[in-house]
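So the structure is just underneath, and the comments pick up after that.
The values are calculated or read from the model by the stated rules, or taken from the named source; none is laboratory data. The structure presented is a predicted model; accordingly, all values stated were derived computationally and were not measured. Glycine gets a Cβ as well: all are built from the backbone with ideal geometry, and neighbour counts include every protein chain shown. Note: areas computed on protein heavy atoms with side chains; ligands, DNA, RNA excluded. Shrake-Rupley method; radii C 1.70, N 1.55, O 1.52, S 1.80 Å.
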Amino acid sequence: MNQVDSFRAGRRPVGPVEAEGFGFISPVLTEALAFWRSIKSDAPFPRRADMHPEQVVALWPYILMVDVPEDGDYFVRLFGQTLVDAYGEQTGRKVSESTVPAVVRERSKLLFDYCVAHAVPCYAYWPATERRILFDVEALCLPLSSDGVTLDRLMSLNVNSRREL
């Protein structure tokens with residue numbers, strides 16, 4: 001069992017950490033990382049233009065697409081329906097203007113900042129809490145580019161996994 005798996009087994013938060021080298025709980029994240037790799041080719045980052053909506057239909061409800069601005073206040077370009085159902089529509093807002101709970105905003109920013117700083121797919125896990133006693137949360141953040149070289153957009157996926165009692 002690797003360190004990430006032992007943290008998850010102990011129901012302790014993980015990350016953000018590099019996403020390579022371990023299995024995800026949710027198959028949605030596995031599919032997203034496989035798709036990201038398939039469009040990346042030899043470039044440092046996949047180009048946003050190489051992402052076609054029909055290729056990732058099953059992922060869209062979980063996707064949060066953000067622009068990476070110079071000031072670090074990420075701009076929400078797309079907020080998937082599962083996320084809208086949980087937090088309300090956030091498309092067209094900066095993260096600082098978001099109406100999601102502060103803890104979710106802070107976790108998202110940590111994940112985005114890590115992805116930008118390390119320029120690799122990254123992962124985070126938050127176990128159930130007193131407020132969410134039956135749900136664990138996994139997140140995957142994937143760097144994207146307009147030109148294949150400059151990291152200027154992120155695709156993040158948040159998946160709530162129902163915990164069995």
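Would you mind stating whether Val28 is buried (at least 17 other Cβ atoms within 10 Å of the Cβ), assigned to a strand (DSSP E or B) and modelled with pLDDT under 95? Taking the combined requirement at face value, the residue does not satisfy it. For region 109-123, the set of residues classified as open to solvent by less than 20 Å² (accessible area, probe 1.4 Å) and either part of a loop (DSSP other than H, G, I, E, B) or of a type in the set (Ser, Thr, Tyr) (or both) consists of Pro121, Tyr123, listed by residue number.
Of all residues in region 54-83, those being in a helix (DSSP H, G or I) and under 20 Å from Leu151 (Cα atoms) number 0.
Of all residues in region 95-108, those that are open to solvent by 50 Å² or more (accessible area, probe 1.4 Å) and either at pLDDT 95 or above or polar (S, T, N, Q) (or both) total 2.
One residue stands out in region 41-79 among those that are of a type outside the set (Ser, Thr, Tyr), over 20 Å from His118 (Cβ atoms) and touching a residue at least 60 places away in the same chain (Cβ under 8 Å): the one that is surrounded by the fewest Cβ atoms within 10 Å (Cβ to Cβ), namely Ala49.
On inspection, Arg37 does not qualify as modelled with pLDDT under 90, of a type outside the set (Val, Ile, Thr) and open to solvent by 60 Å² or more (accessible area, probe 1.4 Å).
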